[in-house]
1. May I ask you to give the percent of accessible area on the range 1-78 that is carbon plus sulfur, with a probe radius of 1.4 Å?
2. Work out how far the C-alpha atoms of the range 266-381 reach from end to end along every principal axis, then list the three figures in whole Å, largest first.
3. Do any GluC sites (Glu not before Pro) in the range 15-86 lie in a loop, going by DSSP, with at most 16 other beta-carbon atoms within 10 Å of their beta carbon, and if so which?
4. Among the GluC sites (Glu not before Pro) within the range 316-379, which fall in a DSSP loop and have no more than 13 other Cβ atoms within 10 Å of their own Cβ?
5. As an exercise, use a Förster radius of 60 Å and the Cβ-Cβ distance of residue 68 and residue 296 to find the FRET efficiency, rounded to the nearest 0.05.
6. By DSSP, what percent of the beta bridges with both residues in the range 363-450 are antiparallel, rounded to the nearest 5?
7. For the range 159-311, what's the radius of gyration and Dmax over Cα atoms, in angstrom?
8. Roughly how many debye, to the nearest 20, is the charge dipole of the range 1-75 about its Cα centre, given +1 on each Lys and Arg Cβ, -1 on each Asp and Glu Cβ, and no other charges?
Amino acid sequence: MRLLERHELAYLQDWAGREGRKPLVIRGGRQVGKSTLVREFARVSGLRLVDINLERDPQMGQAFATNDPAEILSILSLMTGQSIATGESLLFLDEIQAVPSALAALRYFYEEMPGLHVVAAGSLLELALGEKGFPMPVGRIEFLHLGPMDFEDFLVAVDRPQLAEHLRSFSLAESIPDALHRQYLDLLRQYWVVGGLPEAVAVFASTGSEEPRDFGSVARIQQNMVATYRDDFAKYSHGRLRERMQLVFDRLPAMVGRKFKYSAVSRDHRAAELSDALGHLCMARVARKVHRTAANGLPLGAEVYERHFKCLTMDVGLMCAALRLNTVDLGKEDPVLVNDGAVAEQFVGQHLLASGLPYETPTLHYWAREARNAAAEVDYLVPIGRHIVPVEIKAGTTGSLRSLHQFMAEKRCDFGIRLNADLPSLLRDARRLADGTSIQYRLLSLPLYLVGQVRRLAVECVELGLGRDSSGPVVAPGATGVDSATFDG
């Protein structure tokens, strides 16, 4: 299978060169490419890989009957026939949740053998950590949270590395030609169908850029992945819980973008039963909750409404496969409008979850006001420095931003982001709301394919002088691709 480049490789290389580094535990769902990433890291770093899968080879777990790292390495060397030496080897403990004592032993590697490169991973690690008594060496390990490949890595995989680099370095002082913009949107639609799970991307990318892309093989891979997830249900559930997990799993793709209601999953089960099933899917990282928050300050998680949340699936490609959407369907209209905007919301949410610091647990929130005749909802909220930035996904350039305006008025926010299918723009606006409130704000509009750069470009807006003053141009005179209109209020 084709070898894929991932931007997380740079984080692993930085970790490897750090003094006093801790054993690294990669957390992520099944099929996101944890093992492949570690093997590629070993190759580029010149370390000899000692790859031990504790689920596939349970006898290897016997080496962790002791907490002495030297003794553990001696036993593993004898069992694998490979030498394990500090500075030369990378010890990879895959599916570490199968042997709880192996996770506990990581603290001793940190304390007694800090020079040895040790990486662990586990597809069902979250479930294991949720079990009472599962040992966690707090303060002795660090984490890398891994999700599906992002859009930029997908571009590299399909032989368009220049486009990926363009997005990663794009500045608001630049413009994007219409022809290039349309090319990005075409590739975006391909990504939505293929998704970011490495096996599907590798199969798709194996077709040369001059040949018709093989979406049929991608569909087969995706169905096999779904079958793998279903097989996994038996590993951390049984009986009726397994059946309920299957039920929620099957309904989830059609519920993205809406407030999650258990009655929409099944009226034949109690909410508590379905909640337990959804909780297990979230721990397996097959599903993600996006909680509603009051958003009166940071951290956003301090004011969540536990019963009010939306859900995302693991990957936009699996979502489109479940909804039977293909590139023809996605190309018929503004991509924001596909499936009532749910596909765009999945794509954006998936990328915002992955855009935070690699070692922090990914979280995402939204804001809503549920009042009769005055309901409002902002798709996502993103913390940028000390600020809460609302993010809306809207069709076209003139899509209603009523909810965004309401949020800005209530939270005294003066900067928002709109994601759509149009070219980038940065403008100032002033308006009076229906209740008489006046707001003045800046709006950064970005095409959907720049979602991976939202945090960076929001910071750039601040550096360009996007403060609370209302005078002067948004950027230096002569910059292109930016609307420098002043307030009209």
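1. Values: 1780 of 3690 Å².
Result for the range 1-78: 48 percent of the exposed heavy-atom area is carbon or sulfur.
2. 42, 40, 32
3. On the way: sites: 19, 40, 55, 71; in loops: 19, 55.
Answer by residue number: 19.
4. On the way: sites: 333, 345, 360, 370, 377; in loops: 333, 360, 370.
Qualifying residues, ordered by number: 333, 360, 370.
5. Working: r = 51 Å, r/R0 = 0.85.
The computed FRET efficiency comes out at 0.75.
6. Values: 17 of 26 bridges.
Looking only at bridges with both residues in the range 363-450, the antiparallel portion is about 65 percent.
7. In Å, with Rg to one decimal and Dmax whole: 20.1, 58.
8. Values: 12 positive and 10 negative charges, 63 e Å.
Magnitude of the dipole: close to 300 debye.
The values are calculated or read from the model by the stated rules, or taken from the named source; none is laboratory data. Keep in mind that this is a model prediction, so the values were computed, not measured. Reconstructed Cβ throughout: ideal geometry from the backbone, glycine too, with neighbour counts over all protein chains shown. In case anyone asks, the SASA skips ligands and DNA or RNA and just uses the protein heavy atoms, side chains included. Shrake-Rupley method; radii C 1.70, N 1.55, O 1.52, S 1.80 Å.
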